[in-house]
Each structure stands twice: as C-alpha cells, then as structure tokens.
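Visitor: I have a structure here, written as structure tokens, and I will follow up with some questions on it.
Values quoted throughout were computed directly from the atomic coordinates according to the rules given, and no laboratory measurement underlies them. All values reported here derive from a predicted model rather than from experimental measurement. Positions of Cβ are backbone-derived with ideal geometry, glycine not excepted, and every protein chain shown enters the neighbour counts.
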Amino acid sequence: MEPPSATILLHAWRGGEATALDRLLPLVYDELARIARGALRSERPDHTLQTRALVHEAYLRLIDADVSWQDKAHFMAVAARTMRRVLVDHARGRRRQKRGGGAVKVELDDAAAIVAAPSVDVLDLHDVLERLAAFDARKASIVELHFFGGLSYDETAEAVGVSAATVDRELRMAKAWLRHELTTRGSAARE
C-alpha cells in the first residue's frame, strides 16, 4: 500500500485527524529544508538561525495557523512566507536587543536583481515588500516565494496559479519597483 500524499494528509489534518500532522512532516521536510536554505542564503553569514531551526520554527507556526490547506503547493507557499516572517521577527528582536544600533544587513544572492547596493536591511526590505503587497499582492507573493522561498519559476507559478511566463514578467516589474523603492529609502536615510 502506497503512503498517502501530502495533499491527502493536509486535508485529513484540516478535517481534524491529529495523526496526519505526524505523517506529514517526513513527506515535506526535505522541501521545507530547501526553502529554508534559500531563505538563509540571503542572510548575513553570522546569522544565528540555522536551516533546521528555521524549518522547525516555521513548522510550529504552520501547525498553529488557521489555514484551509488546498494542496501541497499551497502548504509550501505558506511555509515560504512563514519562514520570511520568522527571519523578520528574528531581525526585529536582534534590533531591539541592540536598541536600534546597527542595522541588520542581509546579503542577497540575487541582490543585483533587486537593488544596486550589495546589501539591504531585512527590515527595510520587509517594509517595502509590505507596501508592494498593499497594491499588488500577486507581485509581492511571487517575489517572496521566488527569492525568499527559493522556489523555481515553475514552482512559484504553481503556487500562485499563473504561468511561468507570468512569473518572469511579474518578477521583472517587481524587481524594478523594489530597486527604486529601496534606493529611494537608502537615499533618504543618508540625508
């Protein structure tokens, strides 16, 4: 007998079957770890969270979330967003500990695609992404899934429900907007 798919387990979990959650983690752990590695790749080298800790923290938040899971792609998309929120919360906590001194820098592998500067403050990026989401939620979601979640164009397209060509087009437009906003924010901070 073949083990149930992640989608079947997600539906069972949503239906109240507590044991479905225990059977789900082994099926999705490797993909969650891949997403976490992608998210951490954009963090500073001395970041205190490691892949395993980020996966576990995100998973704990996911099991407490009140979400009507549609399928595995939906679960992975929400997991990518949750991991970004964990990293943002971690950065905020770190900033509070330092009482505002020294912004947390995030080295982005794809920094050239988003901003001209080699690094960007994770909280500034979060704020700019939130502003993008306010007027174009799909673009913000695509950026989040692709850059923070490490999802490919095809995986992002599946999670959002659009074509890979649309993902490419939306990413190009979103990156230009983000670059402008972050550059403007950086210029204002230097004045």
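Visitor: Residue-wise, which Karplus ³J(HN,Hα) couplings in Hz belong to the stretch 162-172, taking 6.51 cos²θ - 1.76 cosθ + 1.60, θ = phi - 60°, and x for glycine or proline?
Guide: Result, rounded to whole Hz: 10, 7, 5, 5, 5, 4, 4, 5, 5, 5, 4.
Visitor: Hey, another quick one. Using the Karplus equation 6.51 cos²θ - 1.76 cosθ + 1.60 (θ = phi - 60°), what ³J(HN,Hα) coupling, rounded to whole Hz, does each residue of the stretch 29-36 give in order, writing x for Gly and Pro?
Guide: Residue by residue, the stretch 29-36 yields 4, 4, 5, 4, 5, 5, 5, 4 Hz.
Visitor: A follow-up question, please. May I ask you to order 81-92, 16-27 by the average number of other C-beta atoms within 10 Å around their residues, highest value first?
Guide: Numbers: 81-92: 19.9, 16-27: 13.5.
The densest-packed peptide leads the list: 81-92, 16-27.
Visitor: Among 138-146, 68-76, what's the highest-first ranking by average C-beta atoms within 10 angstrom per residue?
Guide: On the way: 138-146: 23.1, 68-76: 17.6.
The densest-packed peptide leads the list: 138-146, 68-76.
Visitor: Same structure again: For a quick check: with amide H placed at 1.01 Å from N, whose amide H comes under 5 Å from D121's, ignoring anything fewer than 5 positions away on the same chain?
Guide: V106
Visitor: Another question, then. For the stretch 134-140, just list the computed ³J(HN,Hα) in residue order, Karplus coefficients 6.51, -1.76 and 1.60, θ = phi - 60°, integers in Hz, with x standing in for Gly and Pro.
Guide: For the stretch 134-140, the Karplus-derived couplings read 5, 10, 8, 4, 5, 4, 4 Hz, x marking Gly and Pro.
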